[in-house]
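The values are calculated or read from the model by the stated rules, or taken from the named source; none is laboratory data. All values reported here derive from a predicted model rather than from experimental measurement. Cβ sites come from the backbone with ideal geometry, for glycine too, and all protein chains shown count toward neighbours.
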Amino acid sequence: MSAPATAARQGPSPAVILAGLIVLALALRAFRLGDWNFEATEMFTLRDSNDPRLSNPRPLIYFLNYFLIRTWMPLDELGLRIMPALFGVLGVPALYLMGRRLVGTRAGLFAALLLTFASFHVYYSQFARYWSLVFLLCAIYPYAIYLGIRARNRRALILGVATGVLAILAHPVSALLVGGIGLWVVATYLRRDQLARLWSQKAVRWGTWAFLIVSAGLAIRYIPMLQSWVADRDQGKGGQFLLHLPGGRGTKQLTILLSYVDTLTWPVVLTGLTGLGILWQQRDRPLALFLACLFVFPVTFLILVSFRTAVSTIYLLPSAPVFLYCAGVFLDRLSEVDLGLRPRWLLPTTVALLIIVSGVPTLISQYRDGRRYDFRGIAGWLDPRLGQEDVLFSDQPQVLAHYLPGHTVQLLRGDPAPLMQAMQGAAPATLWIVAPAPSHAFRTSPKLAKLKGWMYDNCQLRNTVGSGRLDFRQNYLEVYRCPPAVRVSATSP
């Protein structure tokens, strides 16, 4: 066979494929980037980006917004999402470049392909917080440290430590992967002779001392904040929103895991677990053990913490690259299986498309409502109807107040007593309530559910605002008007 024919059979180079994935990632993360209003914790990003402080436990994204974005455009709905979208795009080549060293070029490309179309990653890239930056750094630092230790690569070790510090500055939850690294080191070098041999390496000794110094600094910085945060929650001061906190031990922990699996999608998780098994049995057992530790330690830690206080599913995001790498290994292994199909890439490509298609309804829905409540639309409807003496309650008062300047918005709680006091004390003013509509069982706040009975008895539903989605995550806001003339019940049903 001639050289030109051989070149034609080889197909496009990995660099060309990666460039195409980067362009797709940019298009998916830039489309409608500034169209949606602020929602939930994006308001904290607006506040902290205008006044960044080193005392903040997550200062990195705020300083980047202040020094890189604020100098040339306002920190509005678009400005605050520029950096998350940029980090979301950079996550694709970062995942490939690290995956190429870990699991091979083809597996790395498959992992980058899955990330490009991952609905959860598109959402975090279009959400004005730090999560796409956390994903980017956590897709680098633990794996660079692994390569530095295993391959005795000083540059990789330095890269891992540097990006690890940045990841922890992006969000402290990134430090959970350090526990996974430590668990792997103990499991791999448990024998005394192996530990002695490892300790004899100068790079390992310096890396260990650097890790201890950084850990001590983080403990001094974050533990007092954590204690204060837990104490505030115990006193009822923590948290702004009526979040769903599943009741009962066991149920809460199961909900966290199922929610995480739903975020990544079941096909990614199942193929990732299969790819981990392939690594363990056929390819690279130390790497398989390392990847397993990066997932097992954060999950175990957060499950234990969830018995004490509220834990968000998003805290498991730093371990998401594990499943993408392992899913890439699974698809790579399919490429090596000869079933007589021609071309041979037909089978793995079909499976990869099936994995991607499972998240398409959520991806399309992302561009319908941004997976957020339309407080700006509610504010536009309410503004001409609000009187100067009217009282307004919302479960996200900071967001609604941002779009209703000049009006005071109070925090909506599960207790109807403040609502009754507002109606009795503000007569003849009108009471307005803005609350999320129930969408499905896992997103119904038990606090808000208790309040609904009182609202149905004493108020009138005046409007529902939101866009229909193709998946089950419906984000509708309801507006209730409670006339002062209505006699208020003394007890909640």
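Things worth noting here:
Each row is one residue, and each column tells you yes or no for (1) touching a strand residue (DSSP E or B) at 6+ places or on another chain (Cβ under 7 Å); (2) of a type in the set (Phe, Trp, Tyr); (3) surrounded by fewer than 24 Cβ atoms within 10 Å (Cβ to Cβ).
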site: Asp76; (1), (2), (3): no, no, yes
site: Ala85; (1), (2), (3): no, no, no
site: Ala111; (1), (2), (3): no, no, no
site: Tyr124; (1), (2), (3): no, yes, no
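- A count restricted to segment 382-427 and to residues that are surrounded by 14 or more Cβ atoms within 10 Å (Cβ to Cβ) and at pLDDT 85 or above stands at 22.
- Segment 36-69: number of residues that are assigned to a loop (DSSP other than H, G, I, E, B), closer than 25 Å to Ala162 by Cα and either free of Cβ contacts under 8 Å to residues at least 12 places away in the same chain or among the charged types (D, E, K, R) (or both): 5
- Some residue of segment 27-35 being assigned to a loop (DSSP other than H, G, I, E, B) and more than 24 Å from Gly359 (Cα to Cα): no
- Per the listing Leu354, Leu363, Leu334, the residue uniquely under 30 Å from Asn463 (Cα atoms), modelled with pLDDT under 95 and either hydrophobic (A, V, I, L, M, F, W, C) or not assigned by TED's automatic domain parsing to the domain that holds Val268 (or both) is Leu363.
- Here segment 299-324 is the region considered, the condition is being within 15 Å of the chain's Cα centre (by Cα) and not in a helix (DSSP H, G or I), and the residue that is farthest from Ser119 (Cα to Cα) is Val311.
- The single condition among (1) surrounded by 24 or more Cβ atoms within 10 Å (Cβ to Cβ); (2) under 27 Å from Gly160 (Cβ atoms); (3) of a type in the set (A, V, I, L, M) that Ala128 does not satisfy is (2).
- Members of segment 290-306 found to be out of contact with any Gly (no Cβ under 6 Å at 6 or more places or on another chain) and either free of Cβ contacts under 8 Å to residues at least 24 places away in the same chain or more than 17 Å from Ser259 (Cα to Cα) (or both), listed by number: Phe290, Leu291, Ala292, Thr300, Leu304, Val305
- Meets criteria (over 30 Å from Arg32 (Cβ atoms), touching a residue at least 24 places away in the same chain (Cβ under 8 Å) and in a helix (DSSP H, G or I)) for Gly179: yes
- The lone criterion from (1) more than 28 Å from Val305 (Cα to Cα); (2) of a type in the set (Gly, Ala, Ser); (3) at pLDDT 95 or above left unmet by Ala203 is number (3).
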